[in-house]
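The values are calculated or read from the model by the stated rules, or taken from the named source; none is laboratory data. As the structure is a prediction and not an experimental result, all values here were calculated from the model. FYI the Cβ positions are ideal-geometry reconstructions off the backbone, even for glycines, and counts take in every protein chain you see.
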């Protein structure tokens, strides 16, 4: 997945009520090879 698309997915997670840990777990499960790190999720 393109790195430019992850901020949109992270925003989707937050709109669904997920916190940073839950968002990271979801992204790791869906995109194991390309998921951003926890610090990148906090910066969005």
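Quick notes on this one:
- Total residues in segment 21-32, condition under 13 Å from residue 6 (Cα atoms) and part of a helix (DSSP H, G or I): 6
- Residues in segment 1-35 that are at pLDDT below 80 and surrounded by 10 or more Cβ atoms within 10 Å (Cβ to Cβ): 1 alone.
Yes/no matrix, rows are residues, columns are (1) part of a helix (DSSP H, G or I); (2) within 8 Å of the chain's Cα centre (by Cα):
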site	(1), (2)
1	no, no
10	yes, yes
17	no, no
34	no, no
42	yes, no
